[in-house]
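The values are calculated or read from the model by the stated rules, or taken from the named source; none is laboratory data. Quick caveat: nothing in here was measured; it's all calculated off a predicted structure. As a convention, Cβ positions derive from the backbone with ideal geometry for all residues, glycine included, and neighbour counts pool all protein chains shown.
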Amino acid sequence: MGKNQGNNFKPVNKIYDSSDYEKNNQESKGLADTHEQVSDAYMVGDIVTHDPSNQDKG
């Protein structure tokens, strides 16, 4: 991380809202993208199947 980049970081105190897909600010777009990725992974089962503690050790 560059010297100036560290000074520009500020946490976002916001949660996902379905209207984030239509907004043009960076925080909303990031939340919408992350929400979609997590939803897809959950529906496919990636969260459970890729966790080593849940795999058959047979």
_With the requirement that a residue be surrounded by 10 or more Cβ atoms within 10 Å (Cβ to Cβ), at pLDDT 60 or above and not small (Gly, Ala, Ser), what does the stretch 33-48 give you?_
Asp33, Thr34, His35, Glu36, Gln37, Val38, Asp40, Tyr42, Val44, Asp46
*What are the pairs, 6+ residues apart or on separate chains, where a residue within the stretch 13-27 that is more than 14 Å from Val38 (Cβ to Cβ) has its Cβ under 7 Å from a residue that is of a type outside the set (D, E, K, R)?*
Lys14/Leu31; Tyr21/Ala32; Glu27/Val12
*Qualifying residue in the stretch 1-8 (condition: at pLDDT below 65, surrounded by 11 or more Cβ atoms within 10 Å (Cβ to Cβ) and assigned to a helix (DSSP H, G or I))*: no
